[in-house]
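Down below is the structure, laid out as structure tokens.
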Amino acid sequence: MDLPASEEPEAQAPPPGLRTLLPSREFLCSRKGQLLLAESVLSFITFICYIASSAASFMMAPLIEFLLALFLFFAYSSKLNEKFKGIYWPLSDFLRCVTAAIIYFAISIAAVSKYSDGASKAAGVFGFIATIVFAVDFYITFNDLVTFLKQGGSENATETQKSEDEASDSDSD
């Protein structure tokens, strides 16, 4: 049975239901997207390892870092950082990465040296890997912050110099 051209089913885009929660391919392929995804995955694996180990007292740090990385992953992918200008997103991300790297390093050393079960050792190893990923992220974020501040500082300096030049010209008349 042939349908008339007006009644043929067209290839329609899927409805926007759960698809809106998924990050875009561009963000997943970006450096920041890959780092946040790696941080989330490593934090979750470390959290699971700490739950299964005798070092369960360390499970709160990976859980918090997992939730923060997951929040920032979806915030950056849905462009919340462009909608909410009240938060300085790169600085908050930098502080999150610095504290996460320090905390992961400390609890990984404690887990590997103090506890002898396999899950604690695995959590320590994944914690060291997470430390490296968080350190790479805060290094990249720090470089972005420095270039932003240098650009902002030079613009402010030229604006100040222009206003001083205008003020000195008006006084000489």
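In a simple Cβ point-charge model (Lys, Arg +1; Asp, Glu -1; nothing else charged), region 28-87 has a dipole of about 300 debye relative to its Cα centre.
In terms of packing, defined here as the mean over residues of other Cβ atoms within 10 angstrom, the peptides 108-116, 42-50, 56-64 line up highest first as 42-50, 56-64, 108-116. Basic side chains Lys and Arg get +1 at the Cβ, acidic Asp and Glu get -1 at the Cβ, and with that the dipole of region 37-142 about its Cα centre reaches some 120 debye.
Using equal-weight Cα scatterers in the Debye expression, the normalised intensity of region 42-140 in log10 at q = 0.12, 0.14, 0.16 Å⁻¹ is -0.40, -0.52, -0.64.
Cross-link pairs exceeding 31 Å between alpha carbons, from the set LYS79/LYS121; LYS32/LYS114; LYS32/LYS121; LYS85/LYS121: LYS79/LYS121; LYS32/LYS114; LYS85/LYS121.
For the pair SER113 and LEU80, label points projected 7 Å from Cα toward Cβ lie 3.7 nm apart. Packing around the peptides 28-40, 85-97, taken as the average count of other Cβ atoms within 10 Å per residue, puts them in this order, highest first: 28-40, 85-97. Summed over the residues of region 17-92 and divided among them, the accessible surface reaches 61 Å² per residue at a probe radius of 1.4 Å.
The values are calculated or read from the model by the stated rules, or taken from the named source; none is laboratory data. The structure presented is a predicted model; accordingly, all values stated were derived computationally and were not measured. Here Cβ is always computed from backbone atoms with ideal geometry, including for glycine, and neighbour counts include all displayed protein chains. Calculation scope for accessible area: heavy atoms of the full protein, side chains included, ligands and nucleic acids excluded. Shrake-Rupley method; radii C 1.70, N 1.55, O 1.52, S 1.80 Å.
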